[in-house]
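Student: Submitted below is the structure of interest, expressed as C-alpha coordinates.
The values are calculated or read from the model by the stated rules, or taken from the named source; none is laboratory data. The structure displayed is predicted, hence computed values, not measured ones. Cβ atoms come from the backbone with ideal geometry, glycine included; neighbour counts cover every protein chain shown. Note: areas computed on protein heavy atoms with side chains; ligands, DNA, RNA excluded. Shrake-Rupley method; radii C 1.70, N 1.55, O 1.52, S 1.80 Å.
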Amino acid sequence: MYAAQARRCLEIEAKAIESLIDRLDDNFNEAVGMILECRGRVVVTGIGKSGIIGRKISATLASTGTPSFYLHPSEGLHGDLGMVTEDDIVL
(Lines give C-alpha, C1' and ligand atoms only; values in the text may rest on other atoms or scores of the structure.)
Protein backbone atom coordinates (compact mmCIF):
# COMPACT_ATOMS: atom_id res chain seq x y z
CA MET A 1 0.00 0.00 0.00
CA TYR A 2 2.66 2.56 0.98
CA ALA A 3 5.00 1.43 -1.77
CA ALA A 4 2.28 2.12 -4.36
CA GLN A 5 1.82 5.64 -2.96
CA ALA A 6 5.58 6.20 -3.03
CA ARG A 7 5.77 4.99 -6.64
CA ARG A 8 2.94 7.34 -7.64
CA CYS A 9 4.65 10.24 -5.89
CA LEU A 10 7.93 9.52 -7.68
CA GLU A 11 6.11 9.26 -11.03
CA ILE A 12 4.53 12.68 -10.47
CA GLU A 13 7.86 14.21 -9.47
CA ALA A 14 9.66 12.61 -12.44
CA LYS A 15 7.08 14.05 -14.85
CA ALA A 16 7.44 17.47 -13.25
CA ILE A 17 11.22 17.40 -13.63
CA GLU A 18 10.97 16.10 -17.19
CA SER A 19 8.62 18.96 -18.08
CA LEU A 20 11.38 21.43 -17.19
CA ILE A 21 13.69 20.22 -19.95
CA ASP A 22 11.97 22.25 -22.67
CA ARG A 23 12.02 25.37 -20.47
CA LEU A 24 15.83 25.56 -20.46
CA ASP A 25 16.48 28.39 -22.88
CA ASP A 26 18.60 31.51 -23.29
CA ASN A 27 17.17 32.95 -20.07
CA PHE A 28 18.73 30.04 -18.19
CA ASN A 29 22.03 30.55 -20.01
CA GLU A 30 21.98 34.25 -19.15
CA ALA A 31 21.24 33.62 -15.47
CA VAL A 32 24.02 31.05 -15.14
CA GLY A 33 26.41 33.33 -17.02
CA MET A 34 25.62 36.22 -14.67
CA ILE A 35 26.40 34.07 -11.64
CA LEU A 36 29.63 32.74 -13.14
CA GLU A 37 30.79 36.21 -14.18
CA CYS A 38 29.76 37.95 -10.96
CA ARG A 39 32.72 39.83 -9.46
CA GLY A 40 30.99 40.18 -6.10
CA ARG A 41 28.68 37.86 -4.24
CA VAL A 42 25.37 36.23 -4.98
CA VAL A 43 22.87 37.74 -2.56
CA VAL A 44 19.97 35.38 -1.97
CA THR A 45 16.75 36.71 -0.48
CA GLY A 46 13.29 35.46 0.43
CA ILE A 47 10.65 35.34 3.14
CA GLY A 48 8.96 32.32 4.67
CA LYS A 49 9.44 29.02 2.86
CA SER A 50 11.39 30.73 0.06
CA GLY A 51 13.65 32.28 2.71
CA ILE A 52 14.41 28.85 4.15
CA ILE A 53 15.20 27.56 0.67
CA GLY A 54 17.19 30.74 -0.05
CA ARG A 55 19.40 30.12 2.99
CA LYS A 56 20.13 26.62 1.70
CA ILE A 57 20.88 27.89 -1.82
CA SER A 58 23.24 30.52 -0.42
CA ALA A 59 25.01 27.97 1.77
CA THR A 60 25.38 25.58 -1.16
CA LEU A 61 26.77 28.30 -3.43
CA ALA A 62 29.24 29.40 -0.75
CA SER A 63 30.38 25.86 0.00
CA THR A 64 31.03 25.17 -3.69
CA GLY A 65 33.13 28.28 -4.23
CA THR A 66 30.64 30.98 -5.22
CA PRO A 67 30.69 33.78 -2.64
CA SER A 68 27.15 34.17 -1.38
CA PHE A 69 25.07 35.29 1.57
CA TYR A 70 21.42 35.34 2.57
CA LEU A 71 19.71 38.69 3.15
CA HIS A 72 16.27 38.77 4.76
CA PRO A 73 14.21 41.34 2.81
CA SER A 74 12.91 43.07 5.95
CA GLU A 75 16.43 43.39 7.33
CA GLY A 76 17.50 44.82 3.98
CA LEU A 77 14.88 47.55 4.28
CA HIS A 78 16.06 48.35 7.79
CA GLY A 79 19.74 48.93 7.11
CA ASP A 80 21.33 45.69 5.92
CA LEU A 81 20.97 46.70 2.26
CA GLY A 82 24.30 48.44 2.78
CA MET A 83 25.90 44.98 2.67
CA VAL A 84 25.06 44.74 -1.05
CA THR A 85 27.61 46.24 -3.45
CA GLU A 86 27.41 47.14 -7.14
CA ASP A 87 29.48 44.02 -7.92
CA ASP A 88 26.88 41.71 -6.34
CA ILE A 89 23.87 40.12 -7.99
CA VAL A 90 20.60 39.40 -6.22
CA LEU A 91 18.74 36.13 -6.60
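Student: Over all alpha-carbon pairs of the chain, lay out the pair-distance distribution in 5 Å bins, whole %, shortest bin first.
Tutor: 3, 12, 15, 17, 17, 14, 9, 7, 4, 2, 1
Student: From Cα pairs below 8 angstrom and at least 6 apart in sequence, can you work out the relative contact order of region 24-86, rounded to a whole percent? Walk me through the numbers before you get to the answer.
Tutor: Details: 57 pairs, mean separation 19.3, N = 63.
Reported relative contact order: 31 percent.
Student: Treat every Asp and Glu Cβ in the chain as -1 and every Lys and Arg Cβ as +1, leave all other atoms uncharged, and give the resulting dipole magnitude about the Cα centre to the nearest 20 debye.
Tutor: Details: 9 positive and 13 negative charges, 117 e Å.
The dipole of the chain has a size of about 560 debye.
Student: Another question about this same structure. Over the chain, with a Gaussian network built from C-alpha contacts below 10 Å, which listed residue (Ala62, Ala31, Ala14) shows the highest mean-square fluctuation?
Tutor: Greatest mean-square fluctuation among the candidates belongs to Ala14.
Student: Another question about this same structure. When only DSSP loop residues count, what GluC sites (Glu not before Pro) in the chain have their Cβ near at most 16 other Cβ atoms within 10 Å?
Tutor: Glu86
Student: How large is the accessible surface per residue of the chain, computed with a 1.4 Å probe and reported in Å² as a whole number? Before the final figure, lay out the partial values.
Tutor: Numbers: 7120 Å² over 91 residues.
Heavy-atom accessible area per residue stands at 78 Å².
Student: I would also like to ask the following. Angle, helix 49-63 long axis vs. longest principal axis of the chain, Cα atoms, 0 to 90°, nearest 10?
Tutor: Tilt relative to the chain: about 70 degrees.
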